[in-house]
Structures are given as structure tokens and as C-alpha cells.
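The values are calculated or read from the model by the stated rules, or taken from the named source; none is laboratory data. Quick caveat: nothing in here was measured; it's all calculated off a predicted structure. All Cβ positions, glycine included, derive from the backbone under ideal geometry; neighbour counts span all protein chains shown. Accessible surface is based on the protein model in full, side chains and every heavy atom, while ligands, DNA and RNA are left aside. Shrake-Rupley method; radii C 1.70, N 1.55, O 1.52, S 1.80 Å.
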Amino acid sequence: MGTDLVQITTAEKVQPEEVRAGARTASTLGNGKTFYIETFGCAMNVHDSEKVAGTLAARGYRPVDNHDEADLILYNTCSIREKAAEKVFSRLGMLQKAYRNNPKIIGVLGCVAQQEGEGIFERAPQVRLVCGSASYTKLPSLLDELEAGKRRITGLGLETEECFETELTRRDNPFRAYLTIIEGCDQRCAFCVVPMTRGPERSRPSDRILAECRRLVDDGYTEIQLLGQIVNAWKDSSPARLSFAELLARVAEIAGVRRVRFATSHPRYFTSDIVQAIDSHPALCDQVHLPVQSGSTRILARMLRGYTREEYLEKIDCIRHARRAISISTDIIVGFCGETPEDFEQTMTLLDVVEYDQVFSFKYSRRPRTAAGWGDTVPEEEKAARLAALQDRQRQIQLRRNQALVGQKLEVLVESYQPRLGQAVGRTSSNRIINFPGAPAWVGRYMDVRVTGAGPHSLVGVEDGREGGSGDGTN
Ligand code: 5AD
């Protein structure tokens with residue numbers, strides 16, 4: 001959640017029913033061509049790739065699961081930290097070598113595309129398409145040009161008020177459907193490249209969002225994850241004028257929706273009505289991801305985050321006072337420009353005060369056109385030492401919090417099965433992974449599981465009832 005930890009290779013099946021739902025039959029354009037798309041980065045990128053895959057399928061392209069079989073190879077890229085961006089260029093270099101004698105059509109999408117622009121053609125001459133996410137609405141016409149044989153195409157405009165709406169979206173996760181409600185970002189956090197790569201904020205109207213949710217339920221999804229760089233900055237442009245908390249409630253009230261998650265929230269817009277909505281709607285998961293970035297008010301000010309440590313802690317307090325236990329996760333950057341040992345210590349004490357259930361932590365990586373005049377002053381070894389210390393402290397906290405769950409019965413959605421271990425892998429409403437002896441047929445079911453053991457990153461348990469306890473439990 002809210003991180004760039006995912007790397008997904010795609011090209012799985014296009015669900016036949018989705019193709020049907022997508023209405024548009026294969027056009028002759030691109031007919032018979034194959035594509036392979038690989039995604040780096042956040043959940044928004046994963047979902048953008050699903051929409052790009054849907055756009056291609058609607059034109060008659062067929063997904064394949066390796067480079068070799070593909071006529072068109074797309075990389076949907078992430079530039080949040082330098083390493084992520086460099087990975088794309090090393091990948092492109094490999095393609096360049098592998099297909100010297102059999103050139104493929106290669107396209108670079110997403111944040112690196114937007115950031116590097118036409119410079120990509122120089123570093124990787126085989127690339128023929130460079131398109132940032134704010135231009136995905138233009139993909140069909142860009143593809144027209146590519147198919148007509150044009151050598152190099154770019155979609156790099158950032159001035160858009162449109163969201164990327166597709167007739168057909170290929171969803172790769174059979175249970176959890178991602179759904180973007182707001183694109184772009186208008187914040188100017190000093191460390192972050194996203195406003196430069198994803199363009200200005202634009203929200204989808206609530207009627208469209210709710211209609212898509214209902215379609216997802218009809219297609220069999222029970223879990224919906226609402227996405228946005230700053231999901232809680234969403235504003236309703238439809239006459240209903242729902243607040244974000246009202247939208248959450250309306251999604252949760254749709255019959256058939258069992259789990260609703262949302263990411264990523266910005267503390268500045270995190271209001272108590274969100275907690276009230278969670279409290280009164282069981283389908284809203286017991287989970288809030290609220291990136292703090294630093295525990296030091298001084299560093300938060302330099303980062304232009306728009307809140308102090310104390311203000312952040314007030315939000316946490318509000319969540320902790322909910323009627324049910326809500327799990328809290330966060331993102332933290334260590335070694336931001338000017339972070340002293342005392343500032344870092346403030347971040348360490350924040351871990352103790354909040355007791356997060358999960359922390360995604362990163363060494364500061366200076367990005368082009370960011371930093372609002374700051375440099376990158378903390379030496380690399382110092383950043384590494386701070387990161388290790390932070391992760392060590394958090395590991396202990398998570399272990400303690402997870403161990404406190406031993407003996408409890410939790411509802412889980414079984415997401416996969418590991419044949420080698422004979423284990424079902426489920427996810428709790430609080431976003432914890434739990435492994436328990438199971439069967440392949442359990443995948444996709446909601447079951448009650450009794451927690452029998454805990455590590456810092458996951459739980460183990462035994463089945464204790466099916467479909468919310470109404471099934472044939474084996475206690
Ligand atoms: N360096 C390190 N981490 C960063 N993040 C965003 N920009 C940077 C950067 N320049 C982290 C933040 C954000 C998460 C998605 O990535 O913690 O919340």
C-alpha cells in the first residue's frame with residue numbers, strides 16, 4: 001500500500017467475461033498482434049497497466065507472458081527513487097541487446113517516461129513510444145500512429161483535466177479490484193517527483209465511481225481498493241457532491257461489497273468523518289495507511305508536508321479512539337536533507353508512540369526538479385544506518401503487536417494456496433497475512449481463522465469456520 005514495492009509482470013489472461021463486458025470487439029487495427037507489459041512501482045501503476053492492457057485488448061492485441069512472443073513490449077515505470085528509474089534503463093539495455101536482429105516495438109510508459117521524455121530515445125534508441133500517465137487518454141491515437149508505421153511517438157502533455165477511463169480494463173487480481181478515483185497530485189512535497197510525473201489532481205465523479213463498483217460486484221469482486229496518489233483529496237464533481245467519507249460509505253453499502261480499502265491518504269486531509277465511516281460500515285477495512293515521512297516537525301516543515309508532529313498525532317489519536325481496532329501503517333523517509341541525529345530520534349520515538357502495524361521505509365533519494373532548494377546532505381552510510389535502526393525498532397513493535405493477536409479469531413479472505421506447504425494464504429481486514437493449513441479450493445473464500453502464532457510480518461493460524469463463521473468449521 002502506498003509504496004513502490006510491487007513489481008508485476010503481466011500478460012496473464014484477459015478474462016473472457018471482461019472482454020465481453022468491454023463491448024468493443026477486436027478492431028482490425030493491431031489485430032493478431034501480441035503485447036507484453038511489465039509494471040514497476042505503486043498500485044496506481046499496477047492499475048494503469050490493467051487499463052492499458054484493456055485498451056490494447058479492445059484493439060485486438062493479445063497478451064503474452066514473455067518478451068520473446070511479444071510484438072509490442074511496454075514498461076510501465078516508476079521514478080519515485082533513483083534506483084527504480086535506473087532499473088528501467090538497464091532493462092531497456094537488455095532488450096536492446098536481445099532483440100538487435102529482431103527489433104520489437106518498445107514503449108516506455110509512466111513516471112520515467114514523463115520525467116525523461118524524448119531523452120529516452122537517445123538512451124534507448126529502440127524505444128518507439130514514450131507516454132506519461134497524464135496522456136493515457138491519448139493512447140488509442142498514439143497507437144494508431146505507431147501501427148501506421150511512425151517511428152517515434154510521444155505523449156508527454158501534463159495539462160489535462162481528464163481521467164483515464166477505459167471501456168475495458170483487464171484486472172489481474174481475481175479478488176481485489178483496483179479503482180482509481182483521483183489522478184495526479186497538487187501537493188509540492190519537497191522530496192516527491194509525483195506532481196511532475198502525474199500532472200495535476202483530477203477526480204472522477206461519484207456516479208461513475210459507484211457505477212463501476214456495481215459492475216465490479218456483478219463481475220464477482222468482493223474487495224474494492226480505491227486508489228489515488230492522495231486518495232482523500234478526492235472531490236466530487238457530480239451534483240451529489242459527496243465528501244470522501246460519504247463516498248467510502250456509499251461504496252461499502254453496495255450489496256456484495258465485503259471489503260473496501262483506500263490508499264494513499266495524506267494526513268492533511270485526513271478527517272474524523274473518515275474514522276466515523278469506518279466505525280459504522282463493517283465493509284470498510286480496519287486499516288488506514290497514513291504516511292508521516294518524518295517524526296520531526298522541523299523536517300516536516302522542510303518537506304512541505306503541511307502538518308506538525310503534534311497535528312499528525314492528533315489524527316492518530318482520532319483513529320485509535322474508533323470503536324473498533326484500526327490498523328495503521330505509514331511511509332517514512334530517512335536522511336532527508338538536513339536531518340540531524342536529533343531529528344531522526346524524533347522519528348524513532350514516533351514509532352514507539354504510534355505503534356504502527358506496518359512501516360514502509362526508504363532512504364532519501366534526491367529526484368530531479370524536487371527538493372525546493374534543498375540538497376542531499378546526509379551521507380549514504382548514515383542513511384543506511386538510520387534505515388537499519390528504524391527497521392529494527394519497527395520489527396520489534398510489529399512482533400509484539402502481532403503476538404497480541406494470538407488466540408483471536410479473524411475473518412480472512414484466502415488469496416492463494418501454497419501446494420508445497422499445504423498452506424492457504426489469507427489476508428485479514430487489517431491487511432495482515434496469515435498462513436494456515438488449507439486446500440486449493442479455499443482460494444477466494446472468506447473464512448474465520450484462529451491465530452496460533454505470530455512473527456513480525458505475518459501470522460499463522462487454523463481454520464475456525466467458513467464464510468464468516470457460518471460454514472463447517474473444524475474447531
Ligand atoms: N526518496 C525516498 N523516498 C521517497 N518517497 C517518495 N519520494 C521519495 C524520495 N525522493 C517515499 C515516500 C512515499 C513513498 C511512496 O515513497 O515515503 O510516501
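Things to note:
Yes or no, residue by residue, for (1) among the hydrophobic types (A, V, I, L, M, F, W, C); (2) within 16 Å of the ligand (Cβ to nearest atom); (3) open to solvent by 10 Å² or more (accessible area, probe 1.4 Å):
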position	(1), (2), (3)
R259	no, no, no
F270	yes, yes, no
S280	no, no, yes
D286	no, no, yes
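- Strands (runs of 3 or more DSSP E) lying entirely in the stretch 110-185 (those with 2 or more residues that are more than 26 Å from R367 (Cα to Cα)): 176-183
- For N402, the conditions (1) out of contact with any helix residue (DSSP H, G or I) (no Cβ under 6 Å at 6 or more places or on another chain); (2) under 25 Å from Q346 (Cβ atoms); (3) without any contact (Cβ under 8 Å) to a residue 60 or more places away in the chain; (4) open to solvent by less than 40 Å² (accessible area, probe 1.4 Å) all hold with the exception of (2).
- Any hit, the stretch 317-329, residues being out of contact with any strand residue (DSSP E or B) (no Cβ under 7 Å at 6 or more places or on another chain), more than 11 Å from the ligand (Cβ to nearest atom), within 25 Å of D186 (Cβ to Cβ) and at pLDDT 95 or above: yes
- Residues that are part of a loop (DSSP other than H, G, I, E, B) and within 12 Å of the ligand (Cβ to nearest atom), drawn from the stretch 188-198: C189, A190, F191, C192, V193
- Number of positions in the stretch 289-310 that are closer than 12 Å to H266 by Cβ, more than 12 Å from the ligand (Cβ to nearest atom) and open to solvent by less than 40 Å² (accessible area, probe 1.4 Å): 1
- Tabulated pairs, the stretch 357-368, first within 14 Å of P456 (Cβ to Cβ) and in a loop (DSSP other than H, G, I, E, B), second open to solvent by 30 Å² or more (accessible area, probe 1.4 Å) and more than 6 Å from the ligand (Cβ to nearest atom), C-beta under 8 angstrom, 6+ apart or interchain: D357/R401; D357/R432
- Condition met for N431 (among the polar types (S, T, N, Q), part of a loop (DSSP other than H, G, I, E, B) and in contact with a strand residue (DSSP E or B) (Cβ under 6 Å, 6 or more places away or on another chain)): yes
- Candidate set from the stretch 351-400 (those that are among the basic types (K, R) and farther than 18 Å from D331 by Cβ); member that is farthest from the ligand (Cβ to nearest atom): R400
- Positions within the stretch 330-343 being part of a loop (DSSP other than H, G, I, E, B) and within 16 Å of the ligand (Cβ to nearest atom), in sequence order: G335, F336, C337, G338, E339
- The selection criterion, being without any contact (Cβ under 8 Å) to a residue 60 or more places away in the chain and either part of a helix (DSSP H, G or I) or of a type outside the set (K, R) (or both), holds for Q276.
- Breaking point among (1) at pLDDT below 95; (2) assigned to a helix (DSSP H, G or I), for Q346: (1)
- Residues that are out of contact with any Asp or Glu (no Cβ under 9 Å at 6 or more places or on another chain) and either of a type in the set (V, I, T) or part of a helix (DSSP H, G or I) (or both), drawn from the stretch 279-299: D279, S280, V288
- Qualifying position, being within 20 Å of the chain's Cα centre (by Cα) and within 16 Å of the ligand (Cβ to nearest atom), among C131, C185, C163: C185
- Members of the stretch 231-244 that are within 22 Å of the chain's Cα centre (by Cα) and crowded, with 19+ Cβ neighbours inside 10 Å: V231, N232, A233, W234, D236, F244
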